[in-house]
Each structure stands twice: as structure tokens, then as C-alpha cells.
Amino acid sequence: KAGVTQTPRYLIKTRGQQVTLSCSPISGHRSVSWYQQTPGQGLQFLFEYFSETQRNKGNFPGRFSGRQFSNSRSEMNVSTLELGDSALYLCASSPHGGEGEKLFFGSGTQLSVL
Amino acid sequence: KQEVTQIPAALSVPEGENLVLNCSFTDSAIYNLQWFRQDPGKGLTSLLLIQSSQREQTSGRLNASLDKSSGRSTLYIAASQPGDSATYLCAVGAIKAAGNKLTFGGGTRVLVKP
């Protein structure tokens, strides 16, 4: 069974641009979560999607958004990029999105904003 | 608000020595606690998942304990090897957090010297 796949692996953007990251969960998994990892703040929860609905959201500005498709694949979008958005963005999936379920992480997308 | 702390932030040991990594959390109302390994620039690999009703989990050279009442978990790695060099993160799934959102500690960076 293939793991969680994130594309692209690396991205370089300039301030003010927007970016879209993609995540394909493990086959059969219906919940997808996104996390941002920076050296200063560590790993922080962005949002979670289940059955195409955003079920939970972290403390990030509205420039960060996401969506989930009927095949459970998810995308996250960051508009009007800022230097501070440079980070490793990690996606995780789980079968049912239930409390206490084990999460399986992808390798991440490393975003650099210049 | 759940807070997760890992001390020390970095640890260096000679090969063959046992590793002891600590994780503490402020709110004992958790579903589970998960230990992850992260290699530089990579995603997270799940090592052990301990449900709130369990006291410990074991996998090969790894053993993790959980004491909910004191808000602590310990990851033991027996007979460390250079390949164990990585950052180890603990994360808790809090009952008060919706869905399967995880709160992460800052991690312990481990170096095993040959």
C-alpha cells in the first residue's frame, strides 16, 4: 500500500505570490490533516478535512486555506505569501478521522519564500 | 490549552548506550500519545502509539511508557546505533481538541556517535 504522497517536494516562491500544495492520502483513508513545521514554532496544526468538509482549524490567518476532493486527495493554498511562510508543510492521513487514530505522515513540501 | 514539552532539546550518546527521551504534557485528558522519528528535511515516521488506557508499548528495541496522571511519557531505545540519529517528537491527541488534531512537543535531536 502506497504511503501519503505530497507534491511538489520543494517550492521556491517570492513574496506576494500564491502557492498550492497537494496531498494524496493512503488509499482508503478519508481524513487529511495539514501541519506547518518551522524551526522557531515547531509543528503546528493548520486544518483537517474529512469527507470534503473542513472539520477543524488551527490558529492561522485566512491566507491559509484548503480543500478536499471526493477521492480524499487534499490541497492547501497559501495566498499573498510572506517570508514567514517558509516552512516544511506536512500532510497526514488517517482512516476515519476519529479521535485517537494513528496518523500517517507524508514526506512534506519544503516551501521557501524569497 | 494543551502544551507538550520535550527535554532535553538535544542529546549525544556513544553507540551502544541506552537512550531515554522524555515528554511531558499539561492536560491529562488525552486519547493517545504518539512518538515519531524525523530525519533532516523529511516527514515523520510513526514509532509507537500508546492509547490512553495503556501503560506502555514495545516494538523491537523501542519501548514507550505513559503515565497520564503525571502527564509524562518516556521513550527508551536500547543499545543505540548511529542509524538512530534523528529528531524524536512526541505528540498527544487531546480530548478537548476536535477530530484527531495532534499537539507536538519541540522534539529531542539525538546524535549517536560510532
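The values are calculated or read from the model by the stated rules, or taken from the named source; none is laboratory data. These figures come from a predicted structure and were not determined experimentally. Cβ atoms come from the backbone with ideal geometry, glycine included; neighbour counts cover every protein chain shown.
Pick from A:GLY100, A:GLY66, A:GLY106, A:GLY84: which is more than 27 Å from B:SER53 (Cα to Cα) and within 11 Å of chain B (Cβ to nearest Cβ)? Testing whether each residue is more than 27 Å from B:SER53 (Cα to Cα) and within 11 Å of chain B (Cβ to nearest Cβ) leaves just A:GLY106. For residues that are surrounded by 17 or more Cβ atoms within 10 Å (Cβ to Cβ) and out of contact with any Gly (no Cβ under 6 Å at 6 or more places or on another chain), scanning just region A:98-109, find the one that is modelled with the lowest pLDDT. Filtering region A:98-109 for residues that are surrounded by 17 or more Cβ atoms within 10 Å (Cβ to Cβ) and out of contact with any Gly (no Cβ under 6 Å at 6 or more places or on another chain), the one modelled with the lowest pLDDT comes out as A:GLU101.
Looking across region B:7-24 at every residue that is more than 14 Å from chain A (Cβ to nearest Cβ), in a strand (DSSP E or B) and not β-branched (Val, Ile, Thr), the one that is farthest from the chain's Cα centre (by Cα) is identified as B:PRO14.
The residues in region B:55-114 that are under 19 Å from A:GLY100 (Cα atoms), of a type in the set (Ser, Thr, Tyr) and either assigned to a loop (DSSP other than H, G, I, E, B) or within 14 Å of chain A (Cβ to nearest Cβ) (or both) can be counted, and the count is 2. Among the residues making up region B:1-43, a single one is without any contact (Cβ under 8 Å) to a residue 60 or more places away in the chain, among the hydroxyl-bearing types (Ser, Thr, Tyr) and within 22 Å of A:GLY97 (Cα to Cα): B:SER28.
Here A:LEU111 meets each of (1) in contact with a Phe, Trp or Tyr (Cβ under 7 Å, 6 or more places away or on another chain); (2) closer than 22 Å to B:THR103 by Cβ; (3) more than 9 Å from every other protein chain (Cβ to nearest Cβ) with one exception, condition (2).
Among the residues of region A:28-74, those that are closer than 14 Å to A:TYR89 by Cα and in contact with a Pro (Cβ under 8 Å, 6 or more places away or on another chain) comprise A:VAL32, A:SER74.
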